[in-house]
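Encoded as C-alpha cells, the structure appears first; notes follow it.
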C-alpha cells in the first residue's frame with residue numbers, strides 16, 4: 001500500500017503510518033505530563049522557599065537608641081544629673097558615634113521624639129542645619145530654656161548630625177501629646193503611706209541607676225548603659241507592677257494612666273510605620289529611655305523589623 005505524502009512531512013517527517021507507530025500517543029503523552037507536573041511542583045516549592053527567604057531579607061533593620069535628654073529640661077520624674085553635651089569630649093564622642101553608625105548602616109531614615117504635627121517646622125530647621133546655617137535659627141530664639149533645647153537637644157546634636165552625614169534630606173518626627181496626670185498619681189500616692197514608701201524607693205532606685213549611667217567615661221558608654229534590657233524592664237515594670245495597681249475605688253485610675261502611656265507610645269510607633277519609605281533598609285529611632293523600653297517590645301514583636309541591639313551597632 002502506497003502512503004500518501006502529507007504536506008507537513010517536510011516539517012514532521014513520518015516514516016510510517018500512525019497505526020504502525022511503536023506506542024500509542026497516550027502512552028507517550030502521559031509520562032510527559034507526569035514529568036511536567038513534577039517539574040512544576042518542584043519549581044513551585046523552590047519559589048516558596050525563595051520568597052520566604054526574600055521576605056526575611058526584606059525586614060528593616062532598626063537601631064533603637066534610648067537616651068537621656070541632652071538639654072536636661074527636668075520634666076521627667078527621674079531627675080538626672082547634668083552632663084555637658086557641648087564639652088569638647090562630648091562633641092568628639094558624638095562625632096565618633098555618628099561616624100560609626102553612618103559607615104556601618106548608612107541609615108535611610110531617622111525618627112526622633114519631636115512633635116509629629118509640626119513636621120514642617122522640623123523640616124525647616126533641618127534644612128538650615130544641612131546647609132550649615134542652623135545658627136540663623138538659634139540666634140533668633142530669645143528664651144534661654146528654648147535656646148538650650150535647640151542647641152543642646154539630642155534631636156539636633158545627634159539625629160541631625162547623623163542624618164546629614166548619611167545624606168538624608170529630612171528627619172522624621174513621631175511624638176504625640178497625650179495628657180498624663182502624673183500630678184494626680186503623686187497626690188494619690190502621698191495619701192497612702194505604704195504606696196508612697198514604694199514610690200519613693202522606686203524613684204530613688206531609678207534615679208541612682210540613671211546617674212550611674214550618666215557618670216560613665218564617654219557618651220557611648222552612657223548610651224550602652226541606658227539601653228540594657230534590664231533597665232528597660234525596670235522602666236516598664238514601674239507602670240505594670242506599681243502604677244497600674246493604683247485606684248482601688250472602682251475608678252481604675254492607675255489602669256487608665258498606664259493605658260494612656262501605652263496609647264501614646266503606640267501612636268508614636270504608628271507614626272514610624274506611616275512614614276516608612278518602601279526602599280528603607282536601615283533606620284534609626286532616637287527617643288527617651290521610657291519610650292525606648294516600650295518600642296523595644298513593639299519592634300521585637302513586629303515581623304517587619306529586625307531589631308539591632310545597640311551593643312551590636314556600637315561594635
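So in the stretch 190-201, with the set limited to residues that are touching a helix residue (DSSP H, G or I) at 6+ places or on another chain (Cβ under 6 Å) and in contact (Cβ under 8 Å) with a residue 24 or more places away in the chain, which one is farthest from residue 83 (Cα to Cα)? Ranking the candidates gives 195 first. When every residue of the stretch 119-127 is checked against the conditions, none turns out to be without any contact (Cβ under 8 Å) to a residue 12 or more places away in the chain, assigned to a loop (DSSP other than H, G, I, E, B) and over 23 Å from residue 265 (Cα atoms). The number of residues in the stretch 223-253 being free of Cβ contacts under 8 Å to residues at least 24 places away in the same chain and over 15 Å from residue 209 (Cα atoms) comes to 10. Is it fair to say residue 151 is at pLDDT below 95 and either buried (at least 16 other Cβ atoms within 10 Å of the Cβ) or under 30 Å from residue 125 (Cβ atoms) (or both)? Here the answer is no, as residue 151 does not meet what is asked. So which of 99, 117 ends up being within 30 Å of residue 306 (Cβ to Cβ) and surrounded by 13 or more Cβ atoms within 10 Å (Cβ to Cβ)? The unique qualifying residue is 99. Can you confirm whether the stretch 83-106 contains a residue that is touching a helix residue (DSSP H, G or I) at 6+ places or on another chain (Cβ under 7 Å), within 17 Å of residue 292 (Cβ to Cβ) and either assigned to a strand (DSSP E or B) or modelled with pLDDT of 95 or more (or both)? Checked against the condition, which is being touching a helix residue (DSSP H, G or I) at 6+ places or on another chain (Cβ under 7 Å), within 17 Å of residue 292 (Cβ to Cβ) and either assigned to a strand (DSSP E or B) or modelled with pLDDT of 95 or more (or both), the stretch 83-106 yields at least one hit. Number of residues in the stretch 176-185 that are without any contact (Cβ under 8 Å) to a residue 12 or more places away in the chain and surrounded by 11 or more Cβ atoms within 10 Å (Cβ to Cβ): the value is 0.
Give the stretch 281-312 a look and list any residue that's under 21 Å from residue 164 (Cα atoms) and buried (at least 22 other Cβ atoms within 10 Å of the Cβ), or say none. 283, 284, 285, 286, 287 - these are the residues of the stretch 281-312 that are under 21 Å from residue 164 (Cα atoms) and buried (at least 22 other Cβ atoms within 10 Å of the Cβ). Criterion applied to 160, 137, 111 was being part of a helix (DSSP H, G or I) and either in contact (Cβ under 8 Å) with a residue 40 or more places away in the chain or over 28 Å from residue 280 (Cα atoms) (or both), and the one residue passing it is 137.
The values are calculated or read from the model by the stated rules, or taken from the named source; none is laboratory data. What you see is a predicted model, and the numbers here were worked out from it, not measured in a lab. Neighbour counts are summed over all protein chains in view; Cβ atoms, including those assigned to glycine, are modelled from backbone coordinates with ideal geometry.
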